[in-house]
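I have placed the structure first, in the form of structure tokens, so that the comments after it can refer back to it.
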Amino acid sequence: MKRTYLLIAVSLLFFLIACGQNGNEPEESEEESADETAEEGETQVSETNEEQSSPSEEANEKEQHIKEEILDSGFIVYGHRDFERSEELLAFSFQRSDQQLPLEERLLDSLKESAETDKLAELEQIAVDGTAASLYFTENEQLQSMASAEQLYFTDMLHAISSLYGIETLEFYTGDEPGIEFGQTGTVERLDVEAPENRGFYVYGDIDGMRTYISGVSAEEIMTDEAGDLMDFPETVNKMKAVKDNSSYQPGIGAGIEIIDVTVNDAAAEVHYNLAEDQADITDFENVLQLTALDFGFQELHLINQEEGQASIFLFDPAE
């Protein structure tokens, strides 16, 4: 009898052990399943991150493939009077020199070849030191004989051209002696350049065979924002796309050019654009933006054609 109970007890013990082992197997399966799910989740997140980073990588690759052309030859600005329509209006032509000429030579050329050139026939040399320019005359007859209206036009041109070159002070010499006889004013040794604050340029038309542009202040276009402050560079670029009704001049940025983005980084400005029309005048576009960049005192202007993947980088050398 005792043996029978013992056999039953042993059998029951084996049965309980077997049941315990079978009960643990599902728990191990659940842990393995959870681990596999976590690994799959990590894989999906990794793939998702890779997919999300792809557009950025493509943009960087596209940016790297932009062809750059650096234009570092000096600029030359000339002033023009339209005596047929409005002799009071001073317009500007703009070009890049085909030689690496120093600032002094280009400023001398600009002043002597601009409107009122007869007044500067005796200007022989210019020396630039920082933002000051010294003008040396051999004689003083032409400036001395200026009438009131002549003096007004001449002074307007002198200040406007000098300002675009970054000059803030003009000093006059006759030979080695300081001072000149300056029209109705009398003896003048020094002038502070006082060009009006300006925002933007517009296409005026041809004067004496030269393509010319007028400033926003001369055109009496809006140059301030809603708060009454002068527009910043992006706002100015946007404003140059339109002009007042019945204007005698045209927008600085024609309808055939689509502005994508405008940014400023310290002394460099960057304009991204596309050509909406094949016949868009890119020369006017480049010239008005370079003139505008000079007003803002930028050292670099980057014009980037996004569709073509080309960038024109214009360098400036205003007096410092």
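The values are calculated or read from the model by the stated rules, or taken from the named source; none is laboratory data. This one's a predicted model, so the numbers in the text were calculated from it and none came from an experiment. Note that each Cβ is placed from the backbone with ideal geometry, even for glycine, and that neighbours are counted across all protein chains shown. Please note that ligands, DNA and RNA were not included when accessible areas were found on the heavy atoms of the full protein model with its side chains. Shrake-Rupley method; radii C 1.70, N 1.55, O 1.52, S 1.80 Å.
Restricting attention to region 183-197, the residues that are surrounded by fewer than 16 Cβ atoms within 10 Å (Cβ to Cβ), within 18 Å of residue 130 (Cβ to Cβ) and not acidic (Asp, Glu) add up to 1.
For the condition small (Gly, Ala, Ser), open to solvent by 60 Å² or more (accessible area, probe 1.4 Å), under 25 Å from residue 88 (Cβ atoms) and touching a residue at least 24 places away in the same chain (Cβ under 8 Å), residue 148 qualifies.
Filtering region 108-135 to residues that are under 29 Å from the mean Cα position of the chain (by Cα), open to solvent by less than 20 Å² (accessible area, probe 1.4 Å) and among the polar types (S, T, N, Q) leaves 110, 114.
Selection of strands (runs of 3 or more DSSP E) fully inside region 136-240 by the criterion of at least 2 residues being within 24 Å of the chain's Cα centre (by Cα) returns 201-207, 210-215. For region 261-279, indicate whether the set of residues that are outside any helix (DSSP H, G or I), farther than 26 Å from residue 299 by Cβ and open to solvent by less than 60 Å² (accessible area, probe 1.4 Å) is non-empty. No, the conditions are met nowhere in region 261-279. Here region 225-255 is the region considered, the condition is being polar (S, T, N, Q) and in contact with a Lys or Arg (Cβ under 9 Å, 6 or more places away or on another chain), and the residue that is most open to solvent (accessible area, probe 1.4 Å) is 248.
Here is the figure for region 71-87: residues that are in contact (Cβ under 8 Å) with a residue 24 or more places away in the chain and open to solvent by 100 Å² or more (accessible area, probe 1.4 Å) total 1. Within region 152-161, is even one residue surrounded by 19 or more Cβ atoms within 10 Å (Cβ to Cβ), small (Gly, Ala, Ser) and out of contact with any helix residue (DSSP H, G or I) (no Cβ under 9 Å at 6 or more places or on another chain)? Looking through region 152-161, at least one residue is surrounded by 19 or more Cβ atoms within 10 Å (Cβ to Cβ), small (Gly, Ala, Ser) and out of contact with any helix residue (DSSP H, G or I) (no Cβ under 9 Å at 6 or more places or on another chain). When you check residue 173 against the structure, is it closer than 24 Å to residue 115 by Cβ and open to solvent by less than 10 Å² (accessible area, probe 1.4 Å), yes or no? It is false that residue 173 is closer than 24 Å to residue 115 by Cβ and open to solvent by less than 10 Å² (accessible area, probe 1.4 Å). For first residues located in region 162-191 and touching a residue at least 24 places away in the same chain (Cβ under 8 Å) and closer than 22 Å to residue 139 by Cβ, partners that are surrounded by fewer than 16 Cβ atoms within 10 Å (Cβ to Cβ) and basic (Lys, Arg) and lie 6+ apart or on another chain with Cβ distances below 8 Å form the pairs 170/190; 171/190; 172/190. Against the definition (of a type in the set (A, V, I, L, M, F, W, C) and open to solvent by 50 Å² or more (accessible area, probe 1.4 Å)), how does residue 222 come out, yes or no? Considered against the rule, which asks whether it is of a type in the set (A, V, I, L, M, F, W, C) and open to solvent by 50 Å² or more (accessible area, probe 1.4 Å), residue 222 comes out as yes.
Applying the criterion of being aliphatic (A, V, I, L, M) and more than 22 Å from residue 134 (Cβ to Cβ) to the residues of region 88-107, the residue that is most open to solvent (accessible area, probe 1.4 Å) is 89.
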